[in-house]
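S.K.: A single structure is presented below for examination.
Nothing in this text is a laboratory measurement; each read-out follows from the coordinates by a stated rule. The shown structure was predicted, so the numbers you read here are calculated from the model rather than taken from an experiment. Please note: Cβ atoms are built from the backbone with ideal geometry, for glycine as well, and neighbour counts cover all protein chains shown.
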């Protein structure tokens, strides 16, 4: 466990970057430090590997003051990932990753073998091994950065806005990759970001810092969303925190119906039979069961379909039962012109449909259960 | 021959100390200015057509490597032992320093500024001349400083080819008549002229780029 | 006759390729003195440039020093020191070294400062001690620029060593200076061709060193 114990950082010019901050960072989970610029989140992170020395207070690693160990040994026991990856341009990808094992005395072959293993773990093709950093995209460079940090298998991983410089799609990929790696390795990750969505997505615990380096709230993300400590945290979370909170609820309890679903080769009679009172539409799937779109049941039942009437209404996007959250289901229903969300299984086959009203009922249920305030 | 005071020039040089100083400054500034005048269009060309720049740099590096004395010798055949023979290599050296200074200075103009100029409807050439060149002035002056100060020192080598070295001509008398004072005179005068011309260029930069004063004061 | 004719005449002259005034001897002298001067200049300038560049302190002092040293007329200094100290190695080495130190020193400093700070930050965070950061991260990345500084110094030394013939010094400049005083224009041109060739060979040497020493990741990355 890392304990930040009443730590203050004041600079000679009088600015206070961190003000009597106390945090207990649990082992084997991701703790995110989030806040606006100038809140001291990066300074706090850099005090953990002594890139910055605190003015007052101390930082404990497994009960021992980090100042007891030699500084470079301490840093080698912690992976460090920064915004632009900071890869060494004169070294190939594999040599970049092998840096710390080599520092720790591993022989060249063992270090390279380890580096290749890590490339696979972070989702980089082995063909990149002999390339130089300038030959990689930003996202690929960042993967190398993560691999390099993991190379010596350190128990702690410090990440300073690692995904801020890449575009949103690449960022999402990197976030998912990090969560996957973390599920396997269970490192103690301290992650700095200014992006509250990233904090909520990645964090097991989230520390919201305010200007001047004071702690505003330290809580699991769901609690942060349901019970922000004060107006600052509430503002920082943004206006749609209610919707975002739904990310923490599964879709297993939603009542799905399979009744208004037909395959595209269905007869007029089958269309008529599938219609339900709640909606004039039925969901049409292909032969494999994958959703194609919504059709007007009455039109289809009344005769052969050709001309524009035969065209299908788009269903927006489907949500995956068991994996996606209530937020995804609600979003799916809101985007669907029929007001109904389509549920699919992992293979993308439609397993049911659910109306906005049913999702709303599920949310009310959650409120009654007291988990959603 | 009397071993006179510091500013007393031996009669065989047929010149006064001030005359030699004026000659030194002229032999320095004319080539540097010629270099600047030739460098500007070349630099604009390199800026406009990027592919021109690497070969120009290559040729420039080669010219810069040719020792001044050898350069002088090659030109004697065409221009005799004259000021032109001394001036041409100095012009070429200045050119070689100035072209990269101007091109790199223009290239370093922030992308935002460039985009803003384009959005306002500046044409390419107009943008180079009215936006990028003024912003590159500090870089150009940095290049001029190197060219000028190096030239001041190199002029004296001209003494070796028919006493075309201005203050450098004092050096041959110093050696021939074993008069260290004359050598001191040459070395110190040339160094002071170099420092003064350098200071003038710094002043020129301050006057030309009032917007940069705050940044350079740091 | 044009300069090619003169050069031809020079290289065809009898005894040109052997003896104390032969081309091999003069070339060796020139290379030896230039090499020694460059070595001394590097020993002085590189450590200072690397350390000041690494720490980022002393940049202003270096800039002033560089301008002052550039304003120092090397030819004048050469003559002055020869008059004061008599013929010898020292009066020649001092101006040559003084000439090469500023470009090496200033370029090395600038090269080290131009290394991306996030690279140094990452290296620190990984746990590299300062001397490893300097030698294994900053130096390889700054190497192309540092080499260009040493190249400038070397070119200037080769050039000025030519002028040193004026104070009865050996090397290829002898042909030019002797030729001028003997009004033997073939000798002057021949010497100039040799000196220019040596300068170009120096250029080629550094180009080759760059290919050999600079990592492709740095060369192409810029």
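S.K.: Where the centre of each part is set by its Cα atoms, how far does the range B:1-74 sit from the range A:204-283, in angstrom?
M.R.: 76
S.K.: Please identify, among A:274, A:98, A:350, the residue showing maximal mean-square fluctuation in a Gaussian network model of chain A using a 10 angstrom Cα cutoff.
M.R.: A:274
S.K.: Residue by residue through C:62-69, how many Cβ atoms from other chains fall within 10 Å of the Cβ on average? Before the final figure, lay out each step's value.
M.R.: Working: counts 0, 0, 0, 0, 2, 8, 5, 2.
Across C:62-69, the average partner-chain Cβ count within 10 Å equals 2.
S.K.: How far apart, in nm, are the 7 Å Cα→Cβ label points at residue A:53 and residue A:185?
M.R.: 3.0
S.K.: Here's a follow-up. Just counting partner chain Cβ atoms within 10 Å, what average do the residues of peptide A:80-88 show around their Cβ?
M.R.: Values: counts 7, 2, 5, 2, 5, 3, 12, 5, 11.
For peptide A:80-88, the averaged partner shielding equals 6.
S.K.: Just for the range A:261-368, what percent of DSSP beta bridges are antiparallel, to the closest 5?
M.R.: On the way: 12 of 17 bridges.
Rounded to the nearest five, the antiparallel share is 70 percent.
S.K.: Where is the GNM fluctuation largest for chain A (alpha-carbon springs, 10 angstrom cutoff): A:215, A:157, A:61?
M.R.: A:61
S.K.: Which angle between 0 and 90 degrees, to the nearest 10, do you get for helix C:3-12 versus the longest principal axis of chain C when only C-alpha atoms count?
M.R.: Orientation of helix C:3-12: about 80 degrees from the principal axis.
S.K.: Further, regarding this structure: How many Å³ per residue does the convex hull of the Cα positions in the range A:261-368 occupy? Write down the numbers at each step before the final one.
M.R.: Working: hull volume 9.7 nm³, N = 108.
Here the figure is 90 Å³ per residue.
S.K.: Let me ask you something else. For the range A:203-293, what does the equivalent ellipsoid look like in terms of its semi-axes, each the square root of 5 times an eigenvalue of the Cα gyration tensor, given largest first in whole Å? Mind dumping the intermediate values first?
M.R.: Values: eigenvalues 456, 31, 23 Å².
Output for the range A:203-293: semi-axes of 48, 12, 11 Å.
S.K.: Here is a further query. Helix A:168-185 against the longest principal axis of chain A: what's the angle in degrees, Cα atoms only, rounded to the nearest 10?
M.R.: 70
S.K.: Let me ask another. Which residues in the range A:346-361 place their backbone N less than 20 Å from a point set 7 Å from the Cα of residue A:255 along the Cα-to-Cβ direction?
M.R.: The answer is A:351-361.
S.K.: Can you tell me the length gained on complete extension of the stretch residue A:263 to residue A:113, counting 0.36 nm per residue apart and subtracting the Cα distance? Please report the intermediate quantities before stating the final value.
M.R.: On the way: separation 150, 0.36 × 150 = 54.00 nm, distance 5.14 nm.
Result for the pair: 48.9 nm of gain on full extension.
S.K.: Also, quick follow-up: With a point put 7 Å past each Cα toward its Cβ, work out how far residue C:130 is from residue A:270 in nm, to one decimal.
M.R.: If labels sit at residue C:130 and residue A:270, their model points lie 7.9 nm apart.
S.K.: Related question: Need one number: the % of Cα-Cα pairs in chain C sitting beyond the 29 Å mark.
M.R.: Values: 9340 of 24531 pairs.
The answer is 38 percent, as a whole percent.
S.K.: A further question follows. Viscosity 1.306 mPa s, temperature 10 °C: Stokes-Einstein D of the protein assembly as shown from its Kirkwood Cα radius, in µm² per second? Write down the numbers at each step before the final one.
M.R.: Numbers: Rh = 32.6 Å.
Taking Rh from Cα pairs, D becomes 49 µm²/s.
S.K.: So, one more: Any idea how far apart residue A:231 and residue B:130 come out in nm if each label point goes 7 Å out from Cα toward Cβ?
M.R.: The answer from the label model is 5.0 nm.
S.K.: Between residue A:287 and residue A:204, take the C-beta separation as r, use R0 = 45 Å, and let me know the FRET efficiency to the nearest 0.05. Walk me through the numbers before you get to the answer.
M.R.: Values: r = 43 Å, r/R0 = 0.96.
The value I calculate is 0.55.
S.K.: Based solely on its DSSP helices, what 222 nm [θ] is calculated for the protein assembly as shown when runs of n ≥ 4 H residues each add -39,500 (n - 2.57) and the sum is averaged over all residues, nearest 500 deg cm²/dmol?
M.R.: -18000 deg cm²/dmol, from helical runs alone.
S.K.: For the range A:134-181, what's the radius of gyration and Dmax over Cα atoms, in angstrom?
M.R.: 10.8, 30
S.K.: At 20 °C and a viscosity of 1.002 mPa s, what translational diffusion coefficient does Stokes-Einstein give for chain A, taking Rh as the Kirkwood radius over Cα pairs? Give it in µm²/s as a whole number.
M.R.: Diffusion coefficient, whole number: 91 µm²/s.
S.K.: For chain C, modelled as a Gaussian network with Cα springs under 10 Å, which listed residue fluctuates most, C:118, C:152, C:181?
M.R.: C:118
S.K.: How large are Rg and Dmax for the range B:15-217 when only the alpha carbon atoms are used, in Å?
M.R.: For the range B:15-217, the Cα-based Rg and Dmax read 19.5, 69 Å.
S.K.: In degrees between 0 and 90, to the nearest 10, how far off the longest principal axis of chain B does helix B:17-48 point, with axes built from Cα atoms?
M.R.: Approximately 20 degrees, to the nearest 10.
S.K.: Then there's this: How big is the antiparallel share of DSSP beta bridges in the protein assembly as shown, given as a percent to the nearest 5?
M.R.: Numbers: 32 of 55 bridges.
If I count the DSSP bridges inside the protein assembly as shown, around 60 percent turn out antiparallel.
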